[in-house]
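I have placed the structure first, in the form of C-alpha cells, so that the comments after it can refer back to it.
Read the figures in this text as sums done on the coordinates, not as results from a lab. Please read all numbers here as calculations on a predicted model, not as lab measurements. Ideal geometry is used to build each Cβ from the backbone, glycine not excepted, and the neighbour counts take in all protein chains shown.
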Amino acid sequence: MSNRDPLGYYAILGISPDADASTIKKAYRRRAMELHPDRNPGPEATRQFQHLIQAYQTLSDDEKRRQYDTQEPGRQKEHTQQTQSKQSPPPPPQPSPIVCSCCQKVTAQPRYVVFYEVKSFVVFTRRTPITGIFCSTCAEKKSLRATAVTWLLGWWGVPWGPIYSLHALFKNMFGGERPLALNARLAAQQAWTFASLGQRELARAVALDAMKLASKLKVDPSAARDRRKMGYEVKDEGQEIRADLNELLDRLHTKGAPRKELSDVWARFGSSFYQQLLIMIIVVGSLSAWIGSEMKRSSQRSAYRPYVSAPSSSSGATYAGKSAYPTYQPPQYSASNRPSASQSKEEPFIPPLLAPNGLSWPAESGYLEGYKILDTKGYSTLTIDNSRNDSPIHGKIYSLNKAVPEVVRQFYITPHGKYTLDSFTPGKYELRYMDLRTGATTKSEPILLTERRTYEGIEYSTVRMTLYKVRNGNMQTYSIPRSQF
C-alpha cells in the first residue's frame, strides 16, 4: 500500500487517489454489487464488503478523506493492528433504500412532491408548502388534506387569499409539484440500492422507471448559452443519469431480456384528481347558481321600478309612483244604500277558535290554506299593517273589476303583525277585514293598482294600508255588517 492509500481504500474501490466524488460513488456502486455476500460466495466476502463500506464512508466525506490522505505512518500501523486484532468483525451495514416520509415504508417508486396549503386571516394570507418523499398513497392523503384546509380557510384574506387558494387547488388536484431532475436521481438511487441488496428484477424495473424520468430532462439551449458566456460549465443532467442507469443495467445483464415495467402509480389523473375535481364542481356550481339568482333578482328590481302616486288628503296609504295617476274618494252613501239601524243590530260576537277552512288559525301572518289566490298577473303589492293593534285580523281582498265583487285573496294577520300581498293584476280592489277579538267588520275605500311600461322598465303600485290611526290621516274605512264581510 502506498502512503496515499495506507488502508487500501482506493485499491478496494479500484480508483486512483486523485478520483473525484462522482467517480468514487460510481466505483462504490459497482464494487458493492460484486462483493455483496449474497452474490460473492467466497470466504472473505463479508470482510471485503465491510472494508468496501468503510472505504466509501471515509472517501465520500471530504473531511475524513483529507485526514485519511494525510494520515501518519505510525497511526496507520496502529489502525491496521487494531483492525487485525478483531476476531469477529461486526456484520457489514446494509445499504438502506429510500422510505416514505409518512409511513416509513419502502416503495419502488418514491417521489419528492410539493403540495400547497393556504390559510387566510382577513388581511394576512399564508401559503405553506407541504414537502417530502412520499409513496403514492400518502401523497394522495396529503393532497386531499391540503386541499380541504385551503377550501375552508384559504379564501378569507385580502387580496392574496383567492389568488393563492386557486393556485394551491389546481396544483394539488394535478398531483402537486414534482421536480423532474430530483425525482430522476431519486429513482436511480433506489435502483442501485435494490441492486446492492441482490433484488435484481426489482432493481431492473426501477431503473427502467428512472430512465423514463431522465429521458424527459432537456437542456434549455438559451440558458446553456448564457451559462457558457458567464464561464460556467453546462452539464446535461439527463444524460448523466441515463449513463449511470445504463451502467447499472449492464451489470444486471438485462440487455435483450424482456422488460417488466412498473405500473404508473403517479398518473396525473388518478383517484385524487377526480375526488378534488368533484369537490370543485360542486362548490363552483353552487356558487354560480347563487350568483345567477342574485343577478336575476337585481335585474328584476332594476327592470320593474316602483312608483308612488300622490295620496288624497284623507288617505293614509302610500303609493309608489307619480301624481299623474288618479286617486279615489270615499263612496257617497245615499238614504237608499246607507245601512239601516236594524242592520247594525247583530248578535253578540264570539271569537272563533278555528279559521273558516276548519283549521287552527296560523301562528304567523299569511294566506289562509284552502283558498285560491287569484289576480296574480301583475307586479303591484299591498301591505296590510296591523303592527299597533292587539287584535288578530281576518282579511279579504275583493276585486271590483267585475259587475259583482269577487274575493281573490284571504289572509290572516297576527296581533302587532303585518303582511304583504304581491303580484296583483292591475285594477280596482277593496279590503274587508274582521277584528277577531271584537267582531268588528270594516272595508276600505277602493284601492287602485296600476302598471305602466316606461323606457326604464315597468312602474307599478306599492300600497301600504295601516289598520290604526296615523299622523296626517289614514285611508278612509267604513264599518260594515258581518254579513257583508
For this session: May I ask you to list the lysines whose Cα is less than 16 Å away from that of Lys64, ignoring any residue fewer than eight positions away on the same chain?
Result: Lys25
Seminar exercise, completed: Ranked on Cβ counts within 10 Å of their own Cβ, fewest leading, Arg31, Arg453 go Arg453, Arg31
Problem set entry | Alpha-carbon Rg/Rh ratio, for the range 419-473, with Rh computed the Kirkwood way | 1.07
Exercise. How would you rank 429-439, 352-362, highest first, on the average number of other Cβ atoms within 10 Å across their residues?
Worked result: 429-439, 352-362
Exercise. Contour minus end-to-end for Trp156 and Leu182, with contour as 0.36 nm per residue of separation and end-to-end as the Cα-Cα distance?
Worked result: 5.9 nm
Problem set entry | Long-range HN-HN contacts of Thr425 with modeled amide H, under 5 Å | Thr376, Lys377, Gly378
Exercise. Amide H of Glu445: which non-local residues (sequence gap of 5 or more, or other chain) have their own amide H closer than 5 Å, using H built in the peptide plane?
Worked result: Gln476
Exercise. Distance from the Cα centre of the range 417-439 to that of the range 355-413, in angstrom?
Worked result: 5
For this session: Within the set of other residues whose C-beta is less than 11 Å from the C-beta of Lys396, count the net charge using Lys and Arg as +1 and Asp and Glu as -1.
Result: +1
Problem set entry | For the range 107-185, the Rg and Dmax computed from alpha carbons only, in angstrom | 13.3, 44
For this session: List, in the order given, every pair from Lys119/Lys171; Lys141/Lys260; Lys119/Lys142; Lys26/Lys218 whose Cα-Cα distance in the structure shown is over 20 Å.
Result: Lys141/Lys260; Lys26/Lys218
Problem set entry | Förster-model FRET efficiency, 30 Å R0, Lys141 and Ala289, C-beta, rounded to 0.05 | 0.45
Exercise. At 20 °C and 1.002 mPa s, what whole-number value in µm²/s does Stokes-Einstein give for the translational diffusion of the range 180-251, with Rh from the Kirkwood sum over Cα pairs?
Worked result: 166
Seminar exercise, completed: Once Lys and Arg are counted +1 and Asp and Glu -1 for all other residues with Cβ under 11 Å from that of Val408, the total becomes +1
Problem set entry | Likely footprinting exposure, Phe174, Phe121, fewest C-beta neighbours within 10 Å first | Phe121, Phe174
Problem set entry | Extension reserve of the Ile373-Ala267 stretch, reckoned as 0.36 nm per residue once the Cα distance is removed | 32.1 nm
Exercise. Between Val470 and Lys428, what is the spin-label point distance in nm, taking each point 7 Å from the Cα along the Cα→C-beta axis?
Worked result: 2.4
